[in-house]
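Visitor: Encoded as structure tokens, here's the structure I'll be asking about.
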Amino acid sequence: MKAFITGGAGFIGSHLVDTLLKNNYSVTVYDNLSSGDKSFIQHHLKQKEFTFIHADLLNLKRVTKELQGHDVVFHLAANPHVRLGETQTDLDLNQGIVATYNLLEAMRQNDIKKILFSSSSVVYGETTEPSLPETYGPTLPISLYGAGKLGAEGLISAFCGTFDFQTWMYRFANVVGARGTHGVIVDFIKKLRKNPHELEILGDGKQCKPYLYVSDCVDGILFGYTHSNQKMNLFNLSCDTTTTVTRIAEMVTEEMGLTNVSFKYTGGVRGWKGDVPRFQLDAEKMKKLGWKATLTSDETVRKAIRDVLNANL
Ligand code: NAD
């Protein structure tokens, strides 16, 4: 089985590459290294079953050429920073929607019809629901990143309807773990290394979200893929619990061995404009298939803090 992974040199993508190669897939990574890191896939570069292509999805001609001969596409490439949309308003339009269109069109030209996609909880927007099932609607994102994800979901769905594609789309919770390069854990560790006495926390610290460990995420993606076979397979990928931002700050200080750190909140319910402060994903659909995250949200956060500290970013 020949897999084509966009964003395979990134945080989640590189773990997916490790697992697919272990499972005897032949793997091509297509990545422009805008937020990925070649060192994450360095250990595979000399393997016969592995190919790395340093290129951009915005280059339709190149992706059409490189896709030739593959059986399945895992589409993880995107701008990963929700916040950047505030200042670069065309970023998610290009990296989320145009890049996805190019990939789908290149697949159509190569007669490749299976696509797995890394969507996000942010497509649901800000709601009052305690827990969001895949059937929740209307989906009204409040960030440009979320709009990019929802637009990409729409395009994939349309290619399924119009060109008989088949898809597995996953709305991830917050994914953390080894090789994590962004997000609240990395941010707190970097800040505390600079100043171990005081930690600036965006918002009021009560933001509360589910955190999913990266190996659970990869395991869930592959479990859904091998255990469901509808034309459109849409899943939330999450654990059942949540962690507050203040709790993350406490765990980071504990793991760094710091005491008497003063937490300075910037205030307001959200970290930045477009941030959804509280949500939980309903993970029942994956559970019915037989999959469940192995770690709780708090266990995930603690393990990820240790990973990031060990990596010495
Ligand atoms: P990441 O930045 O580590 O990975 C994204 C990869 O895509 C990078 O290697 C980057 O270089 C590559 N890329 C970006 N634009 C590209 C382009 N135009 N052409 C080719 N390659 C390109 O981020 P991640 O956290 O591993 O996220 C992977 C996917 O999962 C993304 O689509 C992200 O939106 C989604 N996601 C992540 C989380 C999370 O918590 N990490 C949550 C929900 C969804």
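Visitor: What size of dipole, in debye to the nearest 20, comes out for region 1-128 about its Cα centre when the only charges are +1 on Lys and Arg C-beta atoms and -1 on Asp and Glu C-beta atoms?
Guide: 520
Visitor: Would you give the gap between the C-alpha center of region 13-86 and the C-alpha center of region 182-218, rounded to a whole Å?
Guide: So the separation of the two Cα centres works out to 26 Å.
Visitor: Can you compute 3J(HN,Hα) from phi for each residue in region 287-301, using the Karplus curve 6.51 cos²θ - 1.76 cosθ + 1.60 with θ = phi - 60°, rounded to whole Hz and x for Gly and Pro?
Guide: Using θ = phi - 60°, the values come out as 4, 5, 6, x, 10, 8, 4, 7, 10, 6, 4, 4, 4, 4, 4 Hz.
Visitor: Farthest toward the dipole's positive end in the chain, which of G205, S215, P277, given Cβ charges of +1 (Lys, Arg) and -1 (Asp, Glu) about the Cα centre?
Guide: S215
Visitor: Oh, and also: Go through 238-244, 291-297, 49-55 and give me the packing order, highest mean Cβ count within 10 Å leading.
Guide: Per-residue Cβ counts within 10 Å, averaged per peptide and sorted highest first, yield 238-244, 291-297, 49-55.
Visitor: Which semi-axes, in whole Å and largest first, does the equivalent ellipsoid of region 38-138 have when worked out from the alpha carbon gyration tensor as the square roots of 5 times its eigenvalues?
Guide: 29, 17, 16
Visitor: Just to be sure I understand the model, the point goes 7 Å from the Cα along the line to the Cβ. What's the resulting R278 to D240 distance in nm?
Guide: 2.1
Visitor: Residues of region 142-172 with the amide nitrogen closer than 17 Å to a label point 7 Å from the Cα of D90, along Cα-to-Cβ, please.
Guide: 144-145, 148
Visitor: I would also like to ask the following. Mean residue ellipticity at 222 nm from the helices of the chain, using -39,500 (n - 2.57) per DSSP H segment of n ≥ 4 over the full residue count, to the nearest 500 deg cm²/dmol?
Guide: Calculated at 222 nm, the ellipticity per residue is -11000 deg cm²/dmol.
Visitor: Residues of region 95-238: accessible area per residue at 1.4 Å, in Å²?
Guide: Per residue, region 95-238 has 38 Å² of solvent-accessible surface.
Visitor: Using the Cα centre of region 186-236 as the reference point, and only Cβ charges (+1 on K/R, -1 on D/E), how large is the resulting charge dipole? Debye, rounded to the nearest 20.
Guide: I would put it at about 120 debye.
Visitor: Another question about this same structure. Compute the FRET efficiency between K288 and H197 as 1/(1 + (r/R0)^6), taking r as their Cβ-Cβ distance and R0 = 51 Å, and round to the nearest 0.05.
Guide: About 0.55, to the nearest 0.05.
Visitor: Taking all pairs of distinct Cα atoms, average 1/r, flip it, and tell me the Kirkwood hydrodynamic radius of region 104-189 in Å to one decimal place.
Guide: One decimal place: 14.7 Å for the Kirkwood radius.
Visitor: Give me the extension gain from T128 to I53: residue separation times 0.36 nm, minus the current Cα-Cα distance, reported in nm with one decimal.
Guide: 22.7 nm
Visitor: Using the Kirkwood radius over C-alpha pairs as Rh, can you work out the diffusion coefficient of region 171-313 via Stokes-Einstein at 37 °C, viscosity 0.692 mPa s, in µm² per second?
Guide: Reported coefficient: 206 µm²/s.
Visitor: Using the Kirkwood radius built from alpha carbon pairs, what does the Stokes-Einstein equation give as D for region 34-91 at 25 °C and 0.890 mPa s, in µm² per second?
Guide: D = 175 µm²/s.
Visitor: Can you give the percent of C-alpha pairs in region 144-232 whose distance is more than 15 Å?
Guide: Roughly 73 percent, rounded to a whole number.
Visitor: In the structure displayed, which of K149/K191; K191/K287; K22/K287 lie more than 32 Å apart, Cα to Cα?
Guide: Table pairs above 32 Å Cα-Cα are K191/K287.
Visitor: If you don't mind, there's one more thing I want to ask. For the charge dipole of the chain, defined by +1 on Lys and Arg C-beta atoms and -1 on Asp and Glu C-beta atoms about the Cα centroid, which residue among M286, F163, S119 has the Cα displaced farthest towards the positive pole?
Guide: Ranked along the dipole, the leading option is F163.
Visitor: Okay, which of region 51-80 sit inside 15 Å, backbone N to the point 7 Å along the Cα-Cβ direction of K38?
Guide: 51-56
Visitor: Further, regarding this structure: Regarding the chain, what's the average projected area of the Cα-atom convex hull, expressed in nm²?
Guide: That works out to 15.2 nm², a quarter of the Cα hull's surface.
Visitor: With charges only on Cβ, +1 for K and R and -1 for D and E, what is the dipole size of the chain about its Cα centre, in debye, rounded to 20?
Guide: Dipole size: approximately 420 debye.
Visitor: Still on this structure, I have one more. Once the piece of chain linking L140 and Q68 is laid out straight, how much longer is it, given 0.36 nm per residue of separation minus the C-alpha distance between them?
Guide: Difference between extended and current length: 22.3 nm.
Visitor: Tell me which residues come under 5 Å, amide H to amide H, from K114 once H is placed; ignore anything under 5 positions away on its chain.
Guide: V73, Q166
Visitor: Residue separation times 0.36 nm, minus the C-alpha to C-alpha distance between F263 and H81: what's the value?
Guide: Taking 0.36 nm per residue and subtracting the Cα distance, the gain is 63.1 nm.
The values are calculated or read from the model by the stated rules, or taken from the named source; none is laboratory data. All of these numbers come straight from a predicted model, not from anything done at the bench. Neighbour counts run over all protein chains shown; Cβ positions are idealised from the backbone, glycine included. These area figures cover heavy atoms from the full protein model, side chains too; ligands, DNA and RNA do not enter into them. Shrake-Rupley method; radii C 1.70, N 1.55, O 1.52, S 1.80 Å.
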